Amino acid sequence: MTDETQAHIQSLVDANDVLLFMKGTPLFPQCGFSNRAVSILSHLGVAFESVDVLQDQAVRQGIKEFSDWPTIPQLYVKGEFIGGSDIMMEMYESGELAQLLDEKGVSAA
């Protein structure tokens, strides 16, 4: 992956408090895992930005190297990689995700 792709991904992560790299868009997710990730964030009432990795092959591959995580979706909060759909679900069900968002100063929309 190019340094340019890494820099682009880093700038996206830095520019958004809550960022979800996903397949598709929040209104039209292209896979069940992305749909679940959007549902979790929506239930928490959190405003978030998303990046549709299907629109950019370099980002689709690059984000996996950026986070050293093999799957999409990927959630970032205040620049910190949180995890994918399964981790989000576990954290949501335990209340950890809401607590993390609160601790990071990310308020509900």
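Quick notes on this structure:
- Residues that are of a type outside the set (F, W, Y) and open to solvent by 50 Å² or more (accessible area, probe 1.4 Å) were ranked within region 27-38; the one that is nearest to M88 (Cα to Cα) is R36.
- Residues located in region 1-22, provided they are in a strand (DSSP E or B) and not β-branched (V, I, T): L19, L20, F21, M22
- Among the residues making up region 57-71, a single one is charged (D, E, K, R) and in a loop (DSSP other than H, G, I, E, B): D68.
- Scanning region 47-63 for residues that are open to solvent by less than 70 Å² (accessible area, probe 1.4 Å) and within 14 Å of V13 (Cβ to Cβ) turns up F48, S50, V51, V53, V59, G62, I63.
- Condition check for L54 on (1) free of Cβ contacts under 8 Å to residues at least 60 places away in the same chain; (2) under 15 Å from L19 (Cβ atoms); (3) in a helix (DSSP H, G or I): one failure, at (2).
- Count - residues of region 66-109 that are open to solvent by less than 70 Å² (accessible area, probe 1.4 Å), on the phi > 0 side of the Ramachandran plot and over 13 Å from the mean Cα position of the chain (by Cα): 2
- For region 1-26, a residue qualifies if it is among the aliphatic types (A, V, I, L, M) and surrounded by 18 or more Cβ atoms within 10 Å (Cβ to Cβ), and the qualifying residues are I9, V13, V18, L19, L20, M22.
- Residue within region 23-44 that is of a type in the set (D, E, K, R), closer than 19 Å to V106 by Cα, under 13 Å from the mean Cα position of the chain (by Cα) and outside any helix (DSSP H, G or I) present: no
- Some residue of region 72-80 being assigned to a helix (DSSP H, G or I) and either touching a residue at least 24 places away in the same chain (Cβ under 8 Å) or among the polar types (S, T, N, Q) (or both): no
The values are calculated or read from the model by the stated rules, or taken from the named source; none is laboratory data. Quantities reported herein were computed from a predicted structural model and do not represent experimental measurements. Cβ coordinates were reconstructed from backbone atoms using ideal geometry, including for glycine residues, and neighbour counts include every protein chain displayed. Areas reflect the complete protein model, heavy atoms only, side chains present, ligands, DNA and RNA absent. Shrake-Rupley method; radii C 1.70, N 1.55, O 1.52, S 1.80 Å.
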